[in-house]
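This report concerns only the one structure given below.
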Amino acid sequence: TIEPIDECTVYTHMTDKHHDTMCHGHILVKHYAVEGREILIGRSILDDPAHPTPRGDLIEDSTFWVEAVALPGQDACLFTSVVRLNLGRFAAAGESEIDSVVALLESASIAHQQSFDMRGILPSHAVGRQLSPPPRLLTLGNLHIYLARSVVVEEAFKRAINCAIERHGDKALESTGVV
């Protein structure tokens with residue numbers, strides 16, 4: 001569910017029931033528009049009396065910063081997304097498992113991809129392909145839950161970005177008289 005707090009703030013509540021342990025997320029998200037920048041900042045609420053969490057269930061502990069900055073003189077923007085996740089306690093993993101997790105997360109960074117043009121429509125393989133299930137189960141904390149949800153969220157996020165790009169392109173064509 002999404003609860004509007006004011007015109008720039010929402011409080012989201014979600015429950016992931018697709019894993020052995022349910023994971024609950026209660027996230028406060030604030031929007032800021034500052035000098036050519038659009039910024040979203042989010043933080044998990046770990047203990048919400050209005051939404052009690054059953055004992056033994058996971059509670060998402062995350063913080064994020066998403067920013068879009070218009071590039072001067074260009075019909076483009078710089079998009080930055082930073083996420084911090086607390087993956088919970090886990091047994092000491094071997095270096096190879098931690099290295100596998102680091103490689104998987106690095107591969108999800110669009111900034112590291114060179115297989116598509118950064119302008120225009122965000123391609124269908126942008127992140128979904130990068131976060132496809134690894135060949136073996138990664139057991140590092142709760143990472144598997146976040147990766148599974150990331151693939152679902154990425155699709156909706158990508159659609160929203162592509163709609164904004166198309167609307168901007170339509171407005172640019174209208175302003176030139178080419179329709």
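When each of Cys77, Cys23 is scored by the number of other beta-carbon atoms lying within 10 Å, the sequence from fewest to most is Cys77, Cys23.
In this structure the amide hydrogen of Ile59, modeled in the peptide plane, comes within under 5 Å of the amide hydrogens of His24, none closer than 5 places in sequence on its chain.
Near Ile39, once Lys and Arg are set to +1 and Asp and Glu to -1 for all other residues with Cβ below 12 Å from its Cβ, the sum equals -1. Quick check on the range 1-86: what does the Kirkwood estimate of hydrodynamic radius come out to from the alpha carbon pairs, in Å? One decimal place: 14.6 Å for the Kirkwood radius. Taking the Cα centre of the range 1-85 as origin and assigning +1 to Lys and Arg Cβ atoms and -1 to Asp and Glu Cβ atoms, the resulting dipole is close to 140 debye.
Values in this text are rule-based calculations from the coordinates and carry no lab data. Everything numeric here is computed off the predicted structure, so don't read it as measured data. Glycine also receives a Cβ, built like all others from the backbone with ideal geometry; neighbour counts cover every protein chain displayed.
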